[in-house]
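First up is the structure itself, then whatever we jot down about it.
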Amino acid sequence: MPTALGTAALFAIPPLALAAAPRLDALSGVMLTLVTFIALVIHRYARRYLDGQPAAAHYRLWFTATVAAASILVTAGDLRVLAVAWTLSSLSVFQLLSFFADRPQSQVAAHKKFLLSRLADVAIYAAVFLIGRAFGTYDIAGVGAAAAALNALPASVHAAGYLMVAGVALRSAQLPFHGWLIQVMEAPTPVSALLHAGVVNIGGYVLIRLAALMGLLPGAMTALVVIGATTAVLASLVMTTRVSVKVALAWSTAAQMGFMLLECGLGAWELALLHLVAHSCYKAHAFLSSGGVVAVHARRPLAVPAPRVSVWRWSMGALGGAAIVVLAVLIAWPNVTADPRAWAPLGILALSLAPFFVRLPLARSWRTSATLLGAAVGVTALYAVWHAAFTALLPTPVAFVPGIASVAIALGAFAGLFVVQVLVSVRPAGNTARTLQAWAFAGFHLDELFTRATFLVWPPKHVRRATIRLRAVTTTSHERTV
């Protein structure tokens with residue numbers, strides 16, 4: 001497919017997607033715009049990146065197919081169309097991941113992704129079948145209205161909720177099914193950018209689209225909180241041990257997807273949508289500019305070790321972050337304390353501002369300190385504005401009140417992560433820091449266990465061929481010995 005034809009095809013995809021699955025509202029409009037914009041940016045980047053590659057035409061074909069499937073997915077108003085489009089996008093991505101057929105690591109990553117996607121397909125199609133059978137319709141809006149009209153949902157719908165959570169978790173690279181996302185760094189950079197910016201986060205969109213139903217399934221929502229919080233914390237720890245820029249970005253994506261599922265599990269759908277859009281744009285830019293980051297760091301001298309920070313300064317930093325959040329709440333969200341969905345995100349935001357105050361040198365002038373403090377307040381206020389804007393974008397408000405257990409899990413997970421950060425900062429050479437460093441550097445050995453299980457159940461082609469050759473050599477050697 002020539003480059004000009006590929007560009008024309010990308011511009012033609014949005015109207016064709018609307019014609020195939022006509023559901024256009026604010027949510028689908030935002031997602032369709034996002035998918036098209038990121039696809040055009042990556043397509044332009046790939047023209048020079050893949051110049052001279054024999055398989056460039058293969059890439060353009062399957063890249064266009066992936067974007068088309070994703071566009072149909074985000075405009076789908078029928079659960080069956082959504083599920084089929086999700087499968088088609090997965091199959092197209094598999095062709096992109098195996099771009100370098102001579103790289104074993106690339107083939108292993110594509111193989112693991114293929115197996116997990118097929119397992120996710122089973123869960124998602126089963127969920128769609130149960131939902132359609134229970135409500136007599138596969139229309140997403142109709143399902144939400146029918147579910148809201150019932151006093152109690154049947155057990156089959158609760159089972160469908162758990163199955164949908166399982167399918168989304170598998171597709172979103174949640175631990176321990178994350179290894180393929182890390183290993184796809186063997187694929188071309190445009191493929192990595194597309195995967196991290198427009199494919200792996202589709203699960204968050206599906207949950208937001210099904211918010212009217214998912215909000216009535218407290219068990220499934222709690223499962224999202226547990227899965228998301230666990231992945232966000234562990235993947236964040238592993239990310240800090242990575243030297244490779246692209247690998248660190250991949251672990252960051254796993255953590256961010258966990259955070260997005262956590263937001264969905266708390267019923268903070270508007271925050272999940274804001275997170276999805278911001279993460280997609282950021283990750284596309286980060287991957288496409290990763291080569292420049294490597295070049296810049298290669299020219300820099302070794303950094304001077306950062307001075308140790310006392311527990312007292314960390315405590316003051318946490319209090320400073322809390323003060324900024326309280327100030328922003330008083331200005332922008334006066335009634336936010338009545339919404340339990342906001343308690344965990346606000347607590348996490350306060351902890352995330354603590355390092356800002358910790359790194360603020362005490363010797364700086366009052367003007368510098370005031371400027372930095374004003375910047376922190378401005379960023380927090382901007383976050384409040386974006387929060388309100390994305391709340392208005394959702395088709396209908398969904399009344400969901402998370403349980404105390406879900407809020408406690410979310411706050412406890414990130415508070416524990418903050419405590420670990422303090423311990424490592426205060427005693428970087430202590431036993432706790434060294435032990436955690438070893439485990440985090442190994443990725444907590446989760447992917448190794450899953451890879452062994454994958455190779456045991458269905459090894460990739462090159463492993464099967466190597467096994468056959470090894471058996472043939474062993475048999476011949478044995479015959480010669482006899």
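Listing for the model above:
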{"read-out": "Qualifying residue in the stretch 162-173 (condition: at positive phi, assigned by TED's automatic domain parsing to the domain that holds ALA46 and free of Cβ contacts under 8 Å to residues at least 12 places away in the same chain)", "value": "no"}
{"read-out": "Helices (runs of 4 or more DSSP H) fully within the stretch 119-187 counting 1 or more residues that are modelled with pLDDT under 90 and farther than 30 Å from VAL243 by Cα", "value": "140-149"}
{"read-out": "Residue match in the stretch 73-84 (condition: basic (Lys, Arg), part of a helix (DSSP H, G or I), within 26 Å of ARG133 (Cβ to Cβ) and assigned by TED's automatic domain parsing to the domain that holds GLU270)", "value": "yes"}
{"read-out": "Residue within the stretch 216-225 that is touching a Lys or Arg at 6+ places or on another chain (Cβ under 7 Å) and either crowded, with 24+ Cβ neighbours inside 10 Å or aliphatic (A, V, I, L, M) (or both) present", "value": "no"}
{"read-out": "Subset of the stretch 164-195 that is touching a Phe, Trp or Tyr at 6+ places or on another chain (Cβ under 6 Å) and within 18 Å of LEU276 (Cα to Cα) - its residue that is surrounded by the fewest Cβ atoms within 10 Å (Cβ to Cβ)", "value": "LEU170"}
{"read-out": "Cross-chain or 6+ apart pairs with Cβ under 6 Å, the stretch 394-413 first and outside the structural domain of PHE259 (by TED's automatic domain parsing) and over 15 Å from LEU346 (Cα atoms), then modelled with pLDDT under 75 and surrounded by fewer than 19 Cβ atoms within 10 Å (Cβ to Cβ)", "value": "VAL401/PRO340"}
{"read-out": "SER71, sole failed condition from (1) surrounded by fewer than 24 Cβ atoms within 10 Å (Cβ to Cβ); (2) free of Cβ contacts under 8 Å to residues at least 60 places away in the same chain; (3) under 19 Å from the mean Cα position of the chain (by Cα)", "value": "(1)"}
{"read-out": "Of residues in the stretch 231-253 being more than 16 Å from PHE414 (Cβ to Cβ) and free of Cβ contacts under 8 Å to residues at least 40 places away in the same chain, the one surrounded by the fewest Cβ atoms within 10 Å (Cβ to Cβ)", "value": "VAL243"}
{"read-out": "Residue match in the stretch 288-297 (condition: in a helix (DSSP H, G or I) and at pLDDT 80 or above)", "value": "yes"}
{"read-out": "Check on LEU27, under 17 Å from LEU82 (Cβ atoms), of a type in the set (A, V, I, L, M, F, W, C) and in contact with a Pro (Cβ under 8 Å, 6 or more places away or on another chain)", "value": "yes"}
{"read-out": "Residue in the stretch 38-55 that is farthest from the chain's Cα centre (by Cα), counting only those that are more than 15 Å from HIS285 (Cα to Cα) and charged (D, E, K, R)", "value": "ASP51"}
{"read-out": "Residue count, the stretch 421-454 (criterion: closer than 23 Å to GLY317 by Cβ and either part of a helix (DSSP H, G or I) or under 26 Å from the mean Cα position of the chain (by Cα) (or both))", "value": "11"}
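The rows are residues; the columns are (1) buried (at least 23 other Cβ atoms within 10 Å of the Cβ); (2) small (Gly, Ala, Ser); (3) in contact with a Cys (Cβ under 9 Å, 6 or more places away or on another chain).
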residue	(1), (2), (3)
ASP51	no, no, no
ALA56	no, yes, no
VAL67	yes, no, no
ASP78	no, no, no
SER90	no, yes, no
PRO104	no, no, no
LEU116	no, no, no
ASP121	no, no, no
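Listed here are the residues, each with its yes/no results for (1) within 25 Å of ALA85 (Cα to Cα); (2) without any contact (Cβ under 8 Å) to a residue 40 or more places away in the chain; (3) among the basic types (Lys, Arg).
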{"site": "VAL206", "(1), (2), (3)": "yes, no, no"}
{"site": "ALA212", "(1), (2), (3)": "yes, no, no"}
{"site": "ALA229", "(1), (2), (3)": "no, no, no"}
{"site": "ALA255", "(1), (2), (3)": "no, yes, no"}
{"site": "LEU261", "(1), (2), (3)": "yes, no, no"}
{"site": "GLY267", "(1), (2), (3)": "no, no, no"}
{"site": "GLU270", "(1), (2), (3)": "yes, no, no"}
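The values are calculated or read from the model by the stated rules, or taken from the named source; none is laboratory data. Since the structure is predicted, the reported quantities are computational estimates derived from the model, not experimental observations. Ideal geometry is used to build each Cβ from the backbone, glycine not excepted, and the neighbour counts take in all protein chains shown.
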